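Structure, as structure tokens:
The values are calculated or read from the model by the stated rules, or taken from the named source; none is laboratory data. Model, not experiment: these values are computed from the prediction. FYI the Cβ positions are ideal-geometry reconstructions off the backbone, even for glycines, and counts take in every protein chain you see. The area values use the complete protein model at the heavy-atom level, side chains included, leaving out ligands, DNA and RNA. Shrake-Rupley method; radii C 1.70, N 1.55, O 1.52, S 1.80 Å.
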Amino acid sequence: MKKFYCLVLIVLAAFTACKKGELSSTGGEDNGCISRVKRDYSDSNRVELATAITLLQKNNIPVNGLVIYRVILNDSISNNGPLNIYQHVIAYEESKGLPIFNSGIGYHFRNEVFSTTIGRRYGTLSLNTTATAPLLQIRKIFIDAFKKDGYTIDNRVNESSCLNAEFGYYNLTPDTPDQPHFAKVWKVTFMNYDYPVAYIQDDNRKLLSYFNGLLTLNKTNKK
């Protein structure tokens, strides 16, 4: 189980940088080849999702505000003893219908009985749901970062390609979970691509992060 918990932590962290599922329009808004969208992050089917909700409710865990995007129902471990079946429900939070992008919580069960939680819930945020940044400005910030980076995973993607932008919330102080500070942000990608992905603050148009999807490892030479 220790290995799986480590994996869950990685999944929760990676949620801020990757998309699972398709994009769905929220009104068909289009502004200079950038569209406002709401993404579907779930990689579980309806039966699994329904089972996960039942499992949470059975253990008196509130499901309001939770969006489940990963479900594992038959993680069988014996450890040379009695067979135990573990269930894992991974979710992020929404507030007022908008995603909290870098939220994430894992609920873990043994034989359908609650065992432990990884992550925390924030509940309903005090921020409103109004976006102020024009989409054309958001597009320019993203494209400027893209050109500065100079790396793309597909030569069909360029500075004239269309973008998708999702509006939501972002914890600016993830390293201090007991003192979260949230802002309204845009999550921006090229249309039909997961990477590069950028988070841009709505009120001051600040580029909070930009990730091109390329992971690098630093090697230290040992003598």
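Things worth noting here:
- Qualifying residue in the stretch 129-152 (condition: in a strand (DSSP E or B), outside the structural domain of VAL89 (by the TED database) and in contact with a helix residue (DSSP H, G or I) (Cβ under 9 Å, 6 or more places away or on another chain)): no
- Residue in the stretch 4-27 that is under 30 Å from LEU163 (Cα atoms) and at pLDDT 85 or above present: no
- Scan of the stretch 32-86 for residues that are of a type outside the set (A, V, I, L, M), part of a loop (DSSP other than H, G, I, E, B) and open to solvent by 60 Å² or more (accessible area, probe 1.4 Å), ordered by number: ASP40, ASP43, ASN45, ASN60, PRO62, ASN64, ASN79, ASN80, PRO82
- Restricting the stretch 104-113 to residues that are out of contact with any Phe, Trp or Tyr (no Cβ under 7 Å at 6 or more places or on another chain) and hydrophobic (A, V, I, L, M, F, W, C), the residue that is most open to solvent (accessible area, probe 1.4 Å): VAL113
- When residues in the stretch 192-206 are screened for being at pLDDT 95 or above and either loosely packed, with under 15 Cβ neighbours inside 10 Å or in contact with a Pro (Cβ under 9 Å, 6 or more places away or on another chain) (or both), 3 of them pass.
- Residues of the stretch 164-194 that are assigned to a strand (DSSP E or B) and farther than 17 Å from ALA131 by Cα: THR189, PHE190.
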